[in-house]
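Notes follow once the structure below has been shown.
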Amino acid sequence: MLAPDATLEDRRRSRPAVPIYRGRRLTLAPHRRAPDPANLLEIRRWVRQARGPTALDVFCGAGGLSLGLKDAGFTILAGADSDPASVETHLATIGGLGYLGDLADPGDFLERLEVWGIEHVDLVAGGVPCQPFSRAGRSKIRHLVESGVRSPFDARTTLWRSFVRIVDALQPRAVLLENVPDLAAWEDGELLNEFRDSLEDLGYRTAARVLNAYEHRVPQHRARLFVVGLRAGREFKWPRPAKRTTVRDAISDLPAAPPAQREERLDYAGPSTALQKRLRRGVPRRDADAIYDHITRDVRPDDAEAFALLAPGQTYKTLPEHLRRYRCDIFDDKYNRLSWDGLSRSITAHMARDGYWYIHPEQNRTLSIREAARIQTFPDWFRFAGEPSHQYRQIGNAVPPLLAEAVGRALRRTLSTRGRPPQRSRGGFREDLLRWHTKNARNYPWRHTRDPWHVLLAEVCLHRTRAEQVVPVYEALIRLAPSPTSMVENADTARDIMRSLGLRGRADLMIDMARVIVERHGGRTPETREELLDLPGVGDYAASAVVVFALDRRVVLVDTNTTRIIQRVRGLERAGHWHFRSETYDLADSKGADAAFNYAMLDLGALICRPSQPLCSQCPVTKDCMAYQSRRYLPRQAQAQGGGR
DNA sequence: GTCCTGTGCA
DNA sequence: TGCACAGGAC
């Protein structure tokens, strides 16, 4: 027994670790209907005879996306991935052809497709590896780049360029890309815009949206970005939300299993919920009373004690101190017990390391491999090649099959309709907006500059301040300090100017900023987003403003004004930044959100599309505005809105 | 395979 | 501030 005053270090040392146990590697035979990979004639015949719309799954992983698309009626001709076990899983479960190789350069893959006789497919789908874009991964990678461990030119852009090259080579009727939502926030949306631009350049009309898995029968908090590209002016209709399911719906029928349960096959009594019945579909008759891979991790004695004390919804912090091995100031959610009637947290590849976020609702252990697969909505006949930790990784990285199926069905519906040119040509909104703006633009001195330093000055002054108030300050500052160097030299005078005009708090910030530019960048205002964000007082908005107004790049400036406009025009209630950016991408047309577009949006928000009592009668874009249109057709809302006069 | 330490965005 | 999802060392 340890003394009550034992340090964290003492407690750690005293704890017996669970002995390392390496699970059995599972080997899977190829699907019985898959062509023999050694027999080229057979492969070509198989490709020729493929029915229904055909698809290719690149970066296929275990095949969650493939399975969903298959269930939606697509024939998956081939899956490609750089991970051997994933390709093995894909070949065994999905069938078709498998390509094992690095797709950073897709040349070899494209050659192989040609050899196989695959010259055309209806759909190219894929989940480009997402770790570089995801939340916790991003900063880690930045850290690694800074410390020189990793090259900044990592695979994150090459991989989607590969994807575009494959699309270009095969010219499919449709394209589907899956990724983590943070891809949309990367570079303030520029990366996603570039990706969509390159598809649009190839003749695809693109749409992007973040879908929540729990809206498509998957009992899990899991938001994923989907980008769809369609030829021939087709309009994609996103799948409608379905009835939600819970953890209970997914796993309540599985037999109780102790920690360290290693039996591959256990007796099974049968499904009880609709979801369980769905996930038992396709299980061979001989396995009707068996469940596979209900394999669990061992649990350390101290963790077992902690799990026992942890009710669903309770946090790590509430545990007695002797059971907290991890620093409490960082982790308040190190452990998480699932609740029967709730959603699971997102099943991630991290399950291969520890399962602390996924403690079984009743049993004092983390989720078994089968339970993780169930919560990802993999059917019970679906097994994963490799060692247990590798199986967890494949499950965590997969697109939930039922979510993929929902998107796949929506795609099939769209593809089966005749392509029609869109009713309004794209660009209507942009043209109308800019035409209005040529006569109605507000004229501010900072709108005439293309000097990054001047834009920066203006943005710092404008933060939470009315533009009219900023005009004299800005003009005086530009005269006094046309460059960061002169700002440092005239720091006292600059401070006086700003103080006299009531922007006192901002003065020191601006002088700091100038000093850093002089010291770190030789007096030249930096031109990359990272360097701009590193300056004191520069946030996302200011960095984007510099990039758009001074450097000719195309980024949507998301603030309360533009958000409000998009909200009204698109009829959205509440949505994340990514959503607004995505909608703005559509409205901004092929020229994108350049300086002209952003200025016009800012002015529209300030002059016409005001927070209260918008001047819809003078608005140039009512044709495209859902709020305006629906008010017209819903007189009750119009009264409610107009009641205040 | 296991343990420990985080970050980013709304 | 809370919530949702990471990676490295050994």
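Read-outs throughout are calculated quantities, based only on the coordinates presented, and are distinct from any laboratory measurement. In this text, all values refer to a predicted model and were calculated from it rather than measured experimentally. Cβ placement follows ideal geometry from the backbone for every residue including glycine, while neighbour counts extend to all protein chains displayed.
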Inset, instruction - Just name one of A:Leu509, A:Tyr335, A:Gly63: the one whose Cα is farthest towards the positive end of the charge dipole of chain A (beta-carbon charges, Lys/Arg +1, Asp/Glu -1). - result: A:Gly63
Inset, instruction - Please identify every one of the GluC sites (Glu not before Pro) in region A:503-544 that sits in a loop by DSSP and has no more than 15 other beta carbons within 10 Å of its own beta carbon. - result: A:Glu527
Inset, instruction - Could you tell me whether region A:254-309 comes out rounded, prolate or oblate from its Cα gyration tensor? Rule is a ≥ b ≥ c as square roots of the eigenvalues, rounded for a/c under 1.5, then prolate if a/b exceeds b/c, otherwise oblate. - result: prolate
Legend entry - From phi via Karplus (6.51, -1.76, 1.60), per-residue ³J(HN,Hα) for region A:386-396 in Hz, x at Gly/Pro: x, 6, x, 5, 5, 5, 4, 5, 4, 5, x
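What trypsin sites (Lys or Arg not before Pro) does region A:273-302 have in DSSP loop regions with at most 16 other beta carbons within 10 Å? Walk me through the numbers before you get to the answer.
Values: sites: A:Lys277, A:Arg278, A:Arg280, A:Arg281, A:Arg285, A:Arg286, A:Arg297; in loops: A:Arg281, A:Arg297.
Here the trypsin sites (Lys or Arg not before Pro) that fit, given the DSSP loop and packing criteria, are A:Arg281.
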Inset, instruction - Read phi for every residue in region A:346-353 and hand back ³J(HN,Hα) as whole Hz from Karplus 6.51 cos²θ - 1.76 cosθ + 1.60, θ = phi - 60°, with x for Gly and Pro. - result: 4, 6, 10, 4, 5, 4, 5, 9
Inset, instruction - Would you compute, from DSSP H runs of 4+ residues alone, the mean residue ellipticity of chain A at 222 nm, taking -39500 (n - 2.57) per run and dividing by the full residue count, rounded to the nearest 500? - result: -13000 deg cm²/dmol
Inset, instruction - Just rank A:His221, A:His390, A:His120, fewest to most, by other beta-carbon atoms within 10 angstrom. - result: A:His120, A:His221, A:His390
Inset, instruction - Report, to the nearest 10°, how far helix A:504-521 tilts away from the longest principal axis of the Cα atoms in chain A, using its own Cα long axis and a range of 0 to 90°. - result: 70 degrees
Legend entry - Ascending count of other beta-carbon atoms within 10 Å, so fewest first, for A:Asp380, A:Asp552, A:Asp81, A:Asp354: A:Asp552, A:Asp354, A:Asp380, A:Asp81
Legend entry - region A:79-121: GluC sites (Glu not before Pro) in DSSP coil with no more than 11 other Cβ atoms inside 10 Å: A:Glu119
Legend entry - Footprinting exposure proxy for A:Lys70, A:Lys591 (fewest neighbouring C-beta atoms within 10 Å first): A:Lys591, A:Lys70
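Would you work out the relative contact order for chain A, in percent, from Cα pairs under 8 angstrom that are 6 or more residues apart?
On the way: 1081 pairs, mean separation 80.4, N = 645.
That works out to 12 percent.
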Inset, instruction - Can you tell me the 0 to 90 degree angle between the C-alpha axis of helix A:491-500 and the longest principal axis of chain A, rounded to 10? - result: 80 degrees
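In square nanometres, what is the average projected area of the Cα convex hull of chain A?
Details: hull surface 140.3 nm².
Here the figure is 35.1 nm², rounded to one decimal.
List the relative contact order of region A:268-427 as a percent without decimals, with contacts defined as Cα pairs under 8 Å and 6+ residues apart.
Working: 187 pairs, mean separation 37.6, N = 160.
Across region A:268-427, relative contact order equals 23 percent.
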Inset, instruction - With only Lys, Arg, Asp and Glu charged, each at its Cβ (+1 for the first two, -1 for the last two), find how big the charge dipole of chain A is about the Cα centre; round to the nearest 20 debye. - result: 2420 debye
Legend entry - region A:451-536 - charge dipole about Cα centre, Lys and Arg +1 at Cβ, Asp and Glu -1, debye rounded to 20: 280 debye
Inset, instruction - Using the structure shown, list the pairs from A:Lys439/A:Lys591; A:Lys277/A:Lys317; A:Lys237/A:Lys591; A:Lys70/A:Lys623; A:Lys591/A:Lys623; A:Lys243/A:Lys317 with a Cα-Cα distance above 30 Å, or answer none. - result: A:Lys277/A:Lys317; A:Lys70/A:Lys623; A:Lys243/A:Lys317
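Under 1.5 on a/c is rounded, so check that first for region A:318-439, then, if it is not, pick prolate when a/b is larger than b/c and oblate when it is not; a ≥ b ≥ c are the square roots of the alpha carbon gyration tensor eigenvalues. Don't skip to the end; give the middle numbers.
Values: a/c = 3.55, a/b = 1.77, b/c = 2.00.
Judged from the Cα gyration tensor, region A:318-439 comes out oblate (a/c at least 1.5, b/c at or above a/b).
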Legend entry - Relative contact order computed over region A:451-536 (Cα-Cα under 8 Å; 6+ residues apart), in percent: 28 percent
Inset, instruction - For region A:210-346, would you read off the P(r) tail past 21 Å as a percentage of all alpha carbon pairs? - result: 61 percent
Inset, instruction - Kindly express, to the nearest 10 degrees and within the range 0 to 90, the angle between helix A:84-93's C-alpha long axis and the longest C-alpha principal axis of chain A. - result: 70 degrees
Legend entry - Sorted largest first, extent of region A:451-536 alpha carbons per principal axis (Å): 30, 24, 20
